[in-house]
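What follows is a set of notes on a single structure, which appears directly below.
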Amino acid sequence: MAFSLWLTLVLACVVISFTPGAGAINTMGNALTHGFRRAIWGILGQQAALVVLIAVVALGVGVLVTSSPLLFAIIRYAGAAYLAYLGLRLLLRRPVVAVADAGDAPAPAESRWSMFRRGFWVNLLNPKAIVFFLAFLPQFIRPGQPLLPQYATVVVTVVAVDIAVMWGFFAVAAHGFRRFTRTPRGQRVVDRVFGSLFVGVALLLAFIH
């Protein structure tokens, strides 16, 4: 991949990563609830999903998904249902009364695997991402050149930029408000805000085509 084309790819990835979505909401919620350091596990789960989506598009499965209205609708509603589930779980969750005085995360803390898994499904169950990559990837792939190095470059660039933005911006921004989660009232406010955001994104995914 030519250096100028790679720079364009980096710029496009930065713009995409800064666009608010379910991934950003998930990252900020993790940073507020579990701390800046532990938020990385949810971010890594989101990156694993991006790698899978790029592979799906590269293998041509993405074309099948977008060409089948029924399959696309199933994935779309499954994604919306999962986001709504996450939102309702936050809205109904009871505040943690006992909060740790030291360390980066309140107790009890969600497991790393649970955070990774949730981040993975948040990004994977988003058919709009498949459609986006179908339109996005061809701009940076040259069919006349070896494909594997090109896709590898795209994957590394997309993942590196998204981690930098999610952890270096969204997680940092949310971490500054962690003092609000030190009290049950603050936890309720945070849960209601992010629960409502998840439900809102779910409704957009389900009803806006």
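Can you list the residues of the range 25-46 with backbone N under 17 Å from a point 7 Å past the Cα of S196, pointing along Cα to Cβ?
Correct set: 25-26, 29.
Can you tell me the order of 33-45, 185-197 when each peptide is scored by its average per-residue count of other Cβ atoms within 10 angstrom, highest first? List each step's numbers first, then the result.
Details: 33-45: 22.0, 185-197: 17.8.
Highest to lowest by the protection proxy: 33-45, 185-197.
Where a ≥ b ≥ c are the square roots of the eigenvalues of the C-alpha gyration tensor, would you call the range 111-209 rounded, which needs a/c under 1.5, or, failing that, prolate if a/b is larger than b/c, or oblate? Show your work: numbers first, answer last.
Working: a/c = 2.97, a/b = 1.85, b/c = 1.60.
Because a/c hits 1.5 or more and a/b exceeds b/c, the range 111-209 counts as prolate.
Please give the Cα centre distance for the range 123-176 versus the range 28-95, rounded to the nearest Å.
14
On full extension of the chain, what length is gained from L5 through V155, given 0.36 nm per residue of separation minus the C-alpha to C-alpha distance?
Numbers: separation 150, 0.36 × 150 = 54.00 nm, distance 1.45 nm.
Result for the pair: 52.5 nm of gain on full extension.
Just to be sure I understand the rule: take each whole DSSP H helix in the chain, project its Cα atoms onto its long axis, keep it if the span is 20 Å or more and its mean Kyte-Doolittle hydropathy is at least 0.0. Which ones pass?
Numbers: long enough: 3-18 (23 Å, 2.44); 39-58 (29 Å, 2.10); 69-92 (34 Å, 1.50); 147-165 (27 Å, 1.87); 184-207 (34 Å, 1.00).
Going by DSSP H runs, the hits are 3-18, 39-58, 69-92, 147-165, 184-207.
What's the whole-number percent of alpha carbon pairs in the chain lying beyond 25 angstrom?
Values: 8805 of 21736 pairs.
So the pairs more than 25 Å apart make up 41 percent of the total in the chain.
With the crude spin-label approximation of a point 7 Å out along Cα→Cβ, what separation in nm comes out for W113 versus V15?
A separation of 4.1 nm, rounded to one decimal place.
Since every read-out is calculated from the coordinates, none of them should be taken as a lab result. These numbers were taken from a predicted model, which means no experiment stands behind them. Glycine gets a Cβ as well: all are built from the backbone with ideal geometry, and neighbour counts include every protein chain shown.
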